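The structure appears right after this line, and notes come after that.
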Amino acid sequence: MDQAKLKHALAGVGYVADETLVMALHLAMMLGRPLLVEGPAGVGKTEVARALSRVLAARLIRLQCYEGLDASHAIYEWNYQRQLLAIRAEEAQEDTLFSDKYLLKRPLLEAITQEEAPVLLIDEIDRADMEFEAYLLEVLSDFQVTIPEMGTITAVTKPVVILTANGTRDLSDALRRRCLYAYLDFPDRETELAILTARAPDLEHRLAQQVVAVVQALRREELEKTPGIAEMLDWAAALSGLGVNDLSGDPKSLQATLVCLLKTATDRDACPSEVMARIVGKVA
Amino acid sequence: MQTTRFPARATPSERMADFIAHLRMNGMPLGPTEGAAALEALTHVDALSPEEVRRALKVLLVPDADRWRGFDALFDAFWFNLGKTREGTTQASVHSRSSRPTLWQPHFASSGGDDTEADMTPSTEDGEAEGVEGNLIATRTEALSQRDLRNLMDEASLREAQAAARKIARAIRDRRSRRRRQARRGRELDMRRTLRAAISKGDAFDLHHRTQPPRPMRIVALCDVSGSMTVYARVFLAFLKGLLDAQTGAEAFLFHTRLMRVTQALQDHDSLRAATRLSLMAEGFGGGTDIGAAINALTDRHGYALTGRSIVLILSDGYCTGAPEALSQSLARLRRKTRRIVWLNPLMGWRDYAPVNAAMQAALPHLDAHLPANTLDALARLEPEFARL
């Protein structure tokens, strides 16, 4: 699949990607290397993987990282209870005890044992510990997992690996070197409008333009949590759900629906109705 | 756009190697592997379209967000003749300014060859910044005068500053977590794991141990290098180096009107190269200060350095061109992300000094400690204060 086709296909499943991101995905598939996507919260990092899996008609396997994530949660674990039961029932021979039947596959092992190449999403890798990151390097470079009791399992098909991070901690140079890199920033006005139209085709064009303009203006304000694309989509859905079709005519529901955009008390206080009226007045 | 003219015999792979060297010289961690990968990547894209090549090399070679922003300029400089890279290879010679690649030349346009003189005496712009009664007033101009920091690491007093910093770093380093974690040699038995292992094994008990892992407090130091702080800059830089040497994971930043991360530059074992890198970074050194903006830049762009276990150390005299409210807000934001904020103030040691200026007044409620740092002795006396934090 060349880049133009990939871009078109992504747009087909409702993901508007810029040229650089398309290039990153294209190369990730061509070179078989993982892709690290960074950027502020809410710009669609996780969504990239979801859209790609839909385009490729591949399974999406997701590993959500957190502090304290270890190999038994990310790779595999033996099903002890089942092994014990099998021993009690004397149905298991010793050599069958450590077989596929008693193996609990966790996302990483699952991803490399698929018949058809899946999309593996390793979400918020910066939340996991350094040790786990080191382990991940091994899996990502060789696409194989060694289980002492069974031997080495090598990938049948290479998954497309997408990692996301948003700067909770600095990632190791080794991991960065192994990965392709794409930085997603908040989109400009046209792109964001295209995203909104792709996601909510029924929305009135004028309202869509207003929504995008207000969100773009809010991003320039000094807020603690800058509203992302997800918030923008929520807000548009809320407005259309309330039957609003012109922002400047309805300050009340505007203020009421701001809960979709502003997620902290300070930000709410920073945008009282006068400020919103000013912003809307500018864009209308 | 004018394209760079290469020697006719240069093959594409040679040009790519040169490009990689050019990026490496500008601070990207690249090696021969990346060069090969870049050539391979070009076989998968339309190598004749400059924009495609630019995007392909960008996603392939850039390691992080900072360099993501700078890549396009570097790409243009190399392929479109906007700057000329030095002939030859990466032997980064640091002896004289003229041997720096011309790519950087515009930044140094304002400083002539007389960097030794500029070393000690403040430039005229800084001179104007000092008010009539000798009050120091920060200016907003980003004075491009270069302070040469090359000699900063070879004086006895600087060594003393480093030693003081090391002591402080050590005082807050040796902390143990309250949690327990499995360990090969631990002080206590981990009963849960021992039993769990016994269940899967059968008869024999393998003993598992656990211990309290070290949870050091991490220092994030912000050093003000604006005009009013020039006299302290060298000794504070030595102080920062001491902090970094004694603690892995410590971070150091310089700020005047902008914030720069200098952790890696200060950790450089080659002190000559470190000094060169610092003076490259400290362009605008000796200009005005905007402490609030610098702190915001820290929380926004370098948030990974801030955890519940970090101590933020601000080395500044508190003379600031930004609005006091902005400073107060930025400190309040920082407050929520860190354990402690400590302000080291070189003016504190002066007789009759009281933090009455607006910026300090705004900052004080957010600080855990406001300590003097005007002499080496004062720095050395900080240790017990930090042990208590």
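The values are calculated or read from the model by the stated rules, or taken from the named source; none is laboratory data. The model shown is predicted, which means the values in this text are computed figures rather than measured ones. Don't worry about glycine lacking a Cβ; one is built from the backbone with ideal geometry, like all the others, and counts go over all protein chains shown. Each accessible area value is taken on the protein alone, full model and side chains, heavy atoms only, with ligands, DNA and RNA left out. Shrake-Rupley method; radii C 1.70, N 1.55, O 1.52, S 1.80 Å.
Restricting attention to the range B:31-72, the residues being modelled with pLDDT under 85 and either closer than 24 Å to B:Thr263 by Cβ or surrounded by 21 or more Cβ atoms within 10 Å (Cβ to Cβ) (or both) number 7. Return the residues of the range B:235-261 that are surrounded by fewer than 24 Cβ atoms within 10 Å (Cβ to Cβ) and either outside the structural domain of B:Thr338 (by TED's automatic domain parsing) or assigned to a loop (DSSP other than H, G, I, E, B) (or both); say none if nothing qualifies. Residues satisfying the conditions are B:Gln247, B:Thr248, B:Gly249, B:Thr257, B:Arg258.
Just so you know, in the range A:217-247 the residues that are within 14 Å of chain B (Cβ to nearest Cβ) and in contact (Cβ under 8 Å) with a residue 60 or more places away in the chain include one that is most open to solvent (accessible area, probe 1.4 Å), and it is A:Lys225.
If you filter the range B:10-32 down to residues that are among the polar types (S, T, N, Q) and over 20 Å from B:Trp68 (Cβ atoms), you find that the one that is nearest to the other protein chains (Cβ to nearest Cβ) is B:Ser13. Identify all residues within the range A:150-166 that are facing another protein chain (nearest Cβ under 10 Å) and either open to solvent by 30 Å² or more (accessible area, probe 1.4 Å) or among the basic types (Lys, Arg) (or both); write none if there are none. Hit for the range A:150-166 is A:Asn166, nothing else. Scanning the range A:213-232 for residues that are hydrophobic (A, V, I, L, M, F, W, C) and either part of a helix (DSSP H, G or I) or more than 27 Å from B:Glu325 (Cβ to Cβ) (or both) yields A:Ala213, A:Val214, A:Val215, A:Ala217, A:Leu218, A:Ile229, A:Ala230, A:Met232. Consider the range A:78-94 and keep the residues that are among the hydrophobic types (A, V, I, L, M, F, W, C) and without any contact (Cβ under 8 Å) to a residue 24 or more places away in the chain. The one that is least open to solvent (accessible area, probe 1.4 Å) is A:Ala86. The selection criterion, being more than 29 Å from the chain's Cα centre (by Cα) and open to solvent by 60 Å² or more (accessible area, probe 1.4 Å), holds for A:Glu274. Of the residues making up the range B:356-386, those that are assigned to a helix (DSSP H, G or I) and modelled with pLDDT under 80 are B:Leu376, B:Asp377, B:Ala378, B:Leu379, B:Ala380, B:Leu382, B:Glu383, B:Pro384, B:Glu385, B:Phe386.
Is it the case, given these coordinates, that A:Val16 is more than 12 Å from chain B (Cβ to nearest Cβ), open to solvent by 20 Å² or more (accessible area, probe 1.4 Å) and within 22 Å of A:Leu193 (Cα to Cα)? Yes.
Note on the range B:354-373: residues that are open to solvent by 50 Å² or more (accessible area, probe 1.4 Å) and in contact with a strand residue (DSSP E or B) (Cβ under 8 Å, 6 or more places away or on another chain) total 2. Checked against the criterion of being assigned to a helix (DSSP H, G or I) and crowded, with 16+ Cβ neighbours inside 10 Å, the candidates A:Leu52, A:Leu69, A:Leu36 yield just one match: A:Leu52. Residues in the range B:224-246 that are more than 19 Å from B:Ile168 (Cα to Cα) and either in contact with a strand residue (DSSP E or B) (Cβ under 6 Å, 6 or more places away or on another chain) or of a type outside the set (A, V, I, L, M, F, W, C) (or both): how many? Residues in the range B:224-246 being more than 19 Å from B:Ile168 (Cα to Cα) and either in contact with a strand residue (DSSP E or B) (Cβ under 6 Å, 6 or more places away or on another chain) or of a type outside the set (A, V, I, L, M, F, W, C) (or both): 6 in total. No other residue among B:Gly318, B:Gly292 is at positive phi and open to solvent by less than 10 Å² (accessible area, probe 1.4 Å) apart from B:Gly318. Checked against the criterion of being among the acidic types (Asp, Glu), assigned by TED's automatic domain parsing to the domain that holds A:Gly68, under 19 Å from A:Val37 (Cα atoms) and open to solvent by less than 40 Å² (accessible area, probe 1.4 Å), the range A:133-148 has at least one qualifying residue. Evaluated against (1) open to solvent by less than 10 Å² (accessible area, probe 1.4 Å); (2) aliphatic (A, V, I, L, M); (3) outside any helix (DSSP H, G or I), A:Met23 falls short on exactly one condition, (3). For the range A:172-189, the candidate set comprises residues that are over 13 Å from A:Ser141 (Cβ atoms) and more than 8 Å from chain B (Cβ to nearest Cβ); within that set, the residue that is modelled with the lowest pLDDT is A:Ser172.
No other residue among A:Ala74, A:Ala51 is closer than 13 Å to A:Leu120 by Cα, modelled with pLDDT of 90 or more and under 21 Å from the mean Cα position of the chain (by Cα) apart from A:Ala51. Based on this model, can you work out whether A:Ala28 counts as at pLDDT 90 or above, closer than 17 Å to A:Leu137 by Cα, within 14 Å of chain B (Cβ to nearest Cβ) and in a helix (DSSP H, G or I)? Here the answer is yes, as A:Ala28 does meet what is asked. Of all the listed residues (A:Leu108, A:Leu104), the sole one being closer than 28 Å to A:Pro159 by Cβ and open to solvent by less than 40 Å² (accessible area, probe 1.4 Å) is A:Leu108. In the set (1) more than 9 Å from chain B (Cβ to nearest Cβ); (2) within 12 Å of the chain's Cα centre (by Cα), the condition left unmet by A:Lys5 is number (2). Scanning the range B:329-353 for residues being in contact with an Asp or Glu (Cβ under 7 Å, 6 or more places away or on another chain) and either polar (S, T, N, Q) or surrounded by fewer than 16 Cβ atoms within 10 Å (Cβ to Cβ) (or both) gives a total of 1.
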